[in-house]
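Below: one structure, written as structure tokens.
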Amino acid sequence: MNRDQLLQLPPVPRERVCRCGARVGRSHLEYLGGGRSLPVYVCSGCGLGYRGDGPAAPAASSHRSRKPLPEGGSPENPVLDPEIARRILGRKEGG
């Protein structure tokens with residue numbers, strides 16, 4: 001479904017009950033672009049789709065401050081013991 005089709009869906013009923021009498025439940029969020037999304041609801045009986053309350057505004061971005069790197073670049077951060085790394089590489093190379 002494209003953006004225009006999503007916005008043309010009927011709004012979700014307040015009682016969350018479809019015209020067919022079945023329950024309407026939230027299905028997923030559909031991305032509209034520009035950091036905006038629209039909740040989509042679907043009838044459990046007939047499968048009719050509904051749009052949720054207006055397009056959701058972009059989420060507030062949490063800007064984390066970055067600490068400056070120490071003098072001389074990033075610190076050494078070995079994940080594996082050098083011997084274990086050598087064995088793993090040996091297995092990958094068929095040795």
Karplus-derived 3J(HN,Hα) from phi for segment 8-18 (6.51 cos²θ - 1.76 cosθ + 1.60, θ = phi - 60°), whole Hz, x at Gly and Pro, runs 8, 4, x, x, 5, x, 4, 7, 6, 10, 6
Of 29-37, 13-21, ordering from highest average Cβ density within 10 Å down gives 29-37, 13-21
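Only the coordinates and a few stated rules stand behind these numbers; no lab work does. Nothing here was measured: the structure is a model prediction, and the numbers come from that model. Glycine also receives a Cβ, built like all others from the backbone with ideal geometry; neighbour counts cover every protein chain displayed.
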